[in-house]
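The values are calculated or read from the model by the stated rules, or taken from the named source; none is laboratory data. Note that the structure is a prediction, hence the values are computed from the model and not measured. For neighbour counting, all protein chains shown are included, and Cβ atoms are generated from backbone atoms with ideal geometry for every residue, glycine included.
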Amino acid sequence: MLPDNATIRSLFLDGPAGRLEALLNAGSPNATHAALVCHPHPLYGGTLHNKVVFHVMKALNGFGFPVLRFNFRGAGLSEGEHANGIGEVEDVRVALDWLEREFPLPIIFAGFSFGAAVGLRAAYSDDRVQALIALGLPAVPAPSDSGALRVYDFEFPRASTKPKLFVSGSRDQFAPPGTLEALVGTFADPKKLVRIEAGDHFFEGRLREMRDAIEAWIREFTAAR
């Protein structure tokens with residue numbers, strides 16, 4: 001384990017569609033968990049450098065956790081092509097495998113938007129993952145450039161009893177009032193939903209509040225362990 005949690009390591013993961021570009025923010029020597037953060041839709045500019053992803057990383061790394069971010073296939077320097085959220089599930093599993101090899105610690109998964117929808121599919125039933133964080137979970141169909149609607153299936157994690165945190169802006173166009181609340185209500189406990197007042201899908205101007213919500217939940221989560 002890297003000794004200095006200010007250290008950032010650039011690396012590539014061996015993915016099923018080619019190499020995946022990644023960054024590791026090192027954790028403390030006595031870290032209790034490792035973390036994985038997944039970025040929003042790559043066809044709409046989403047990468048590991050997204051502002052929401054960066055702030056989620058900072059929140060988790062602040063607890064001494066090593067945090068891995070990576071670019072899905074076809075994004076940034078990652079090889080391959082976008083696979084409509086299907087192949088990307090395999091990319092997440094590759095990242096989880098890498099974290100397990102590097103850090104024999106329970107993992108906290110976090111994802112933003114597309115990264116949450118895709119990552120939850122890989123992480124909810126993975127015994128290595130102890131907790132789930134979804135930022136800006138797209139609770140309603142979203143239009144795509146082709147004119148078709150992007151629809152995400154959230155049947156699969158409903159029975160999961162892992163601790164779950166959902167954070168969305170009160171003005172998130174992909175999770176209008178009542179819609180996300182109804183969806184989260186179908187998930188098994190323990191779970192928590194935090195709406196950031198006046199926040200949009202990207203938490204513009206509200207990133208500090210989003211980060212505060214994550215940090216408060218992590219403190220509760222780790223205190224219960």
Hey, does the range 139-150 have a residue that's at pLDDT 95 or above and surrounded by 20 or more Cβ atoms within 10 Å (Cβ to Cβ)? no
Taking the range 188-225 and the residues there that are assigned to a loop (DSSP other than H, G, I, E, B), without any contact (Cβ under 8 Å) to a residue 40 or more places away in the chain and touching a strand residue (DSSP E or B) at 6+ places or on another chain (Cβ under 6 Å), the one that is farthest from residue 138 (Cα to Cα) would be 206
Conditions (1) under 25 Å from residue 164 (Cα atoms); (2) touching a strand residue (DSSP E or B) at 6+ places or on another chain (Cβ under 7 Å); (3) surrounded by 22 or more Cβ atoms within 10 Å (Cβ to Cβ) -> residue 78 fails only (1)
Return yes or no: is residue 24 under 26 Å from residue 203 (Cα atoms) and either assigned to a strand (DSSP E or B) or touching a Lys or Arg at 6+ places or on another chain (Cβ under 7 Å) (or both)? yes
Residues of the range 151-199 satisfying the condition of being among the acidic types (Asp, Glu) and either modelled with pLDDT under 95 or farther than 24 Å from residue 211 by Cα (or both): 153, 155
State whether the residues of the range 28-42 include one that is crowded, with 18+ Cβ neighbours inside 10 Å and either among the basic types (Lys, Arg) or without any contact (Cβ under 8 Å) to a residue 60 or more places away in the chain (or both). no
Residue pairs meeting the criteria (Cβ under 7 Å; at least 6 apart or on separate chains; first farther than 19 Å from residue 101 by Cα, in the range 120-131; second of a type outside the set (A, V, I, L, M) and in a strand (DSSP E or B)): 120/111
